[in-house]
Amino acid sequence: MKTLSAQFGLHKLAKARVIVVSEVVQLERRLGDQAGSIIKNIIGRDPIDLDRKHREAEENVVSSAMVVLLGNTLPNLPNQGSGLSSKLVP
């Protein structure tokens with residue numbers, strides 16, 4: 001989850017088939033907002049700009065990955081307008 005909230009390290013989303021996030025924990029507000037935004041973009045097939053250190057950013061990348069959240073409880077992620085929870089299958 002911390003990788004999804006980071007600025008760098010998401011370049012593998014361009015070729016990923018499945019993204020498994022295990023034991024989602026409570027993230028502080030800003031990190032939770034960023035991670036939730038990335039998950040919504042992936043699920044909704046929205047384009048994402050992917051930054052890489054020492055390389056040009058990849059722009060408008062649409063990831064075809066499926067997101068799997070593993071844990072004992074549903075994560076507390078930003079969910080304004082039910083945009084995220086309406087797409088989750090518990």
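Output the residue which, of all residues in the stretch 1-46 that are modelled with pLDDT of 80 or more, of a type in the set (A, V, I, L, M, F, W, C) and more than 23 Å from Asn72 (Cβ to Cβ), is surrounded by the most Cβ atoms within 10 Å (Cβ to Cβ).
Here the answer is Leu10.
Tally the residues that are closer than 19 Å to Ala16 by Cβ, out of contact with any helix residue (DSSP H, G or I) (no Cβ under 8 Å at 6 or more places or on another chain) and without any contact (Cβ under 8 Å) to a residue 24 or more places away in the chain, restricting the search to the stretch 29-54.
Selection size over the stretch 29-54: 3.
Answer yes or no: is there a residue in the stretch 68-87 that is exposed (fewer than 13 other Cβ atoms within 10 Å of the Cβ), in a loop (DSSP other than H, G, I, E, B) and at pLDDT 85 or above.
Taking every residue of the stretch 68-87 in turn, none turns out to be exposed (fewer than 13 other Cβ atoms within 10 Å of the Cβ), in a loop (DSSP other than H, G, I, E, B) and at pLDDT 85 or above.
Identify the residue in the stretch 47-64 that is over 15 Å from Ser37 (Cα atoms) and part of a loop (DSSP other than H, G, I, E, B) and, among all such residues, is modelled with the highest pLDDT.
So the residue we want is Ser64.
The values are calculated or read from the model by the stated rules, or taken from the named source; none is laboratory data. The model shown is predicted, which means the values in this text are computed figures rather than measured ones. Don't worry about glycine lacking a Cβ; one is built from the backbone with ideal geometry, like all the others, and counts go over all protein chains shown.
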